[in-house]
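Trainee: My questions will all concern the structure given below.
The values are calculated or read from the model by the stated rules, or taken from the named source; none is laboratory data. Quantities reported herein were computed from a predicted structural model and do not represent experimental measurements. Note that each Cβ is placed from the backbone with ideal geometry, even for glycine, and that neighbours are counted across all protein chains shown. Protein only, heavy atoms only, side chains kept; ligands, DNA and RNA dropped before computing areas. Shrake-Rupley method; radii C 1.70, N 1.55, O 1.52, S 1.80 Å.
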Amino acid sequence: MLTRQETNYLGKEPDHARLTTIIGMMGAGKSKLGYIVSKSLNVNFYDIDDLIEKEFNTSIKELFKSHGEAYFRRVEEAKIEIVIKNAVSKNEKAIISIGGGAFDNQYSRELLLKNTKVIWLNVPTDILIKRIGDGSKRPMIKGNIEKSITEILRKRMKYYSLSHHQLNAYNLTQKQITKKMMQFISPENKKDYR
C-alpha cells in the first residue's frame, strides 16, 4: 500500500498528469471511447482487460472460470501497476481503460488517483442492461441482469465517486461524451474536437 503521505491527493487531480484512466461499469463504453479519444489526441491507449486477455491467450470470463475472481484481481492489479509505472517512467501521454471492478482494489485505486486523471464514465443502469445483453460474456453477472448490475453498481459507487471527474453520459451522443472527455484531459484546449 501507498503510505499516508503518498495518499494526500484524494479529491484533487495530480499536478501535470499525463495519463488518464477511464473507470465505470461494464458496458459503459470505457474501451471504445478511450480508444476514440486516444486516437483524436494522438496518445497511446491501454485497455487492461485486453492486455490480460492477450497475455493469457483467453477471455476474462474464462480466467474467472478457471482460476477464480481472486486470482484475476491479483493479475489485474499487477497489470495496472506495470502499465502505470512504465508510462510514468517514460513520461508518456496515454489513456488507460480498466475493468469495472479494478477500481475496487485499494492499491490500484490509490496508484491511479495519484498518477493519472481519473474519469468516471457514469452511464444509467437501463443503458448498461441494454448494452450487456444476456450477460453471458460478463463474469460478474449472475442470475437476473438488472438485479446483478444494480447490486454491483451500488457496491462500486463509493469507489467510483473518488474519481477526479464524473462524466454523466445521460442523453449524450458519443461525440458529446468524447468531447467532454477531451476537455477533462486537456482543459486548456476547449476547442470543438471533430
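Condition check ((1) surrounded by 16 or more Cβ atoms within 10 Å (Cβ to Cβ); (2) modelled with pLDDT of 95 or more) across all residues:
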{"site": "Thr3", "(1), (2)": "no, no"}
{"site": "Glu6", "(1), (2)": "no, no"}
{"site": "Gly11", "(1), (2)": "no, no"}
{"site": "Pro14", "(1), (2)": "yes, no"}
{"site": "Ala17", "(1), (2)": "yes, no"}
{"site": "Met25", "(1), (2)": "yes, no"}
{"site": "Asn42", "(1), (2)": "no, no"}
{"site": "Leu51", "(1), (2)": "yes, yes"}
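Trainee: Of all residues in segment 156-180 being touching a residue at least 40 places away in the same chain (Cβ under 8 Å) and part of a helix (DSSP H, G or I), which is most open to solvent (accessible area, probe 1.4 Å)? I'd like the intermediate steps shown before the answer.
Mentor: Going through segment 156-180, the residues touching a residue at least 40 places away in the same chain (Cβ under 8 Å) turn out to be 156, 159-170, 174, 177-178.
After this cut, where a residue has to be part of a helix (DSSP H, G or I) as well, the list is 156, 159-160, 174, 177-178.
Values: Arg156: 10, Tyr159: 55, Tyr160: 1, Gln174: 87, Ile177: 13, Thr178: 13 Å².
Top of the filtered list is Gln174.
Trainee: With of a type in the set (A, V, I, L, M) and in contact with a Ser or Thr (Cβ under 8 Å, 6 or more places away or on another chain) as the only criterion, which of Val37, Val43 stands out? Steps first, please.
Mentor: Details: Val43 fails: in contact with a Ser or Thr (Cβ under 8 Å, 6 or more places away or on another chain).
After ruling out the rest, the residue left standing is Val37.
Trainee: What number of residues within segment 37-49 are without any contact (Cβ under 8 Å) to a residue 40 or more places away in the chain and touching a strand residue (DSSP E or B) at 6+ places or on another chain (Cβ under 9 Å)?
Mentor: The number of residues fulfilling the criteria is 1.
Okay, residues lined up against (1) surrounded by fewer than 21 Cβ atoms within 10 Å (Cβ to Cβ); (2) aliphatic (A, V, I, L, M); (3) farther than 20 Å from Ser38 by Cβ:
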residue: Arg73; (1), (2), (3): yes, no, yes
residue: Ile80; (1), (2), (3): no, yes, no
residue: Asn86; (1), (2), (3): yes, no, no
residue: Ala94; (1), (2), (3): no, yes, no
residue: Gln106; (1), (2), (3): yes, no, yes
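Trainee: Looking at this structure, is Phe64 among the aromatic types (Phe, Trp, Tyr), in a helix (DSSP H, G or I) and touching a residue at least 24 places away in the same chain (Cβ under 8 Å)? Step through it out loud before you land on a result.
Mentor: On the way: among the aromatic types (Phe, Trp, Tyr): yes; in a helix (DSSP H, G or I): yes; touching a residue at least 24 places away in the same chain (Cβ under 8 Å): yes.
Criteria met by Phe64.
Trainee: Further question on the same structure: What single numbered condition from (1) within 27 Å of Lys158 (Cβ to Cβ); (2) in a helix (DSSP H, G or I) fails to hold for Glu55?
Mentor: With (1) within 27 Å of Lys158 (Cβ to Cβ); (2) in a helix (DSSP H, G or I) applied to Glu55, the lone miss is (1).
Trainee: Please tell me if Glu55 is open to solvent by 20 Å² or more (accessible area, probe 1.4 Å), at pLDDT 90 or above and charged (D, E, K, R).
Mentor: yes
Trainee: Take the conditions open to solvent by less than 10 Å² (accessible area, probe 1.4 Å) and either more than 26 Å from Ser148 (Cβ to Cβ) or free of Cβ contacts under 8 Å to residues at least 12 places away in the same chain (or both) and apply them to Val118. Does it pass?
Mentor: no
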